[in-house]
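For reference, the structure I am asking about is given below.
Taken together, the values in this text are just the output of simple stated rules run on the coordinates, not laboratory data. Since this is a predicted model, take the numbers as computed values, not measurements. Positions of Cβ are generated from backbone atoms using ideal geometry, with glycine treated the same way; all protein chains shown enter the neighbour counts.
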Amino acid sequence: MLREDSAFRLPFSKALTFRRKCYTYRMKAHVWVMPKRTVLDPQGQTIQHALSGLGYASVKDVRQGKFFVLNVEGLTRDEATQQIERISKEVLTNPVIEESRFEIVE
């Protein structure tokens, strides 16, 4: 008679390799997306105006952007860098009006 979990068990050597990959290659990527300097940022202007009205007149310019945290597993650092760069450019950023940068955090 088979135990319920026996169908999902890996041989010890494969299970050890699987665990090692999961724990070794777990990292986070931080991605910042900002409007290009040449693009008008009405949200940033609204925030700057509100700050000025609240007494923070020393703040002269505000640019509002987006910040993403991506959890990445199972890739080497080089593979993760390539994938995050591609995701940043093709998915998270509108290249006509935005620019992005990212960093891999371990």
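Tell me which residues, restricted to region 43-56, are on the phi < 0 side of the Ramachandran plot and surrounded by fewer than 10 Cβ atoms within 10 Å (Cβ to Cβ).
Matches in region 43-56: G53, L54.
Moving on. Pick from region 58-74 the residues that are among the small types (G, A, S) and surrounded by 10 or more Cβ atoms within 10 Å (Cβ to Cβ): which of them is farthest from S100 (Cα to Cα)? Don't jump to the end; show me each part of the working.
Of all residues in region 58-74, those among the small types (G, A, S) come to 58, 65, 74.
In the following step, the residues that additionally are surrounded by 10 or more Cβ atoms within 10 Å (Cβ to Cβ) were identified as 65, 74.
On the way: G65: 10, G74: 24 Å.
The qualifying residue farthest from S100 (Cα to Cα) is G74.
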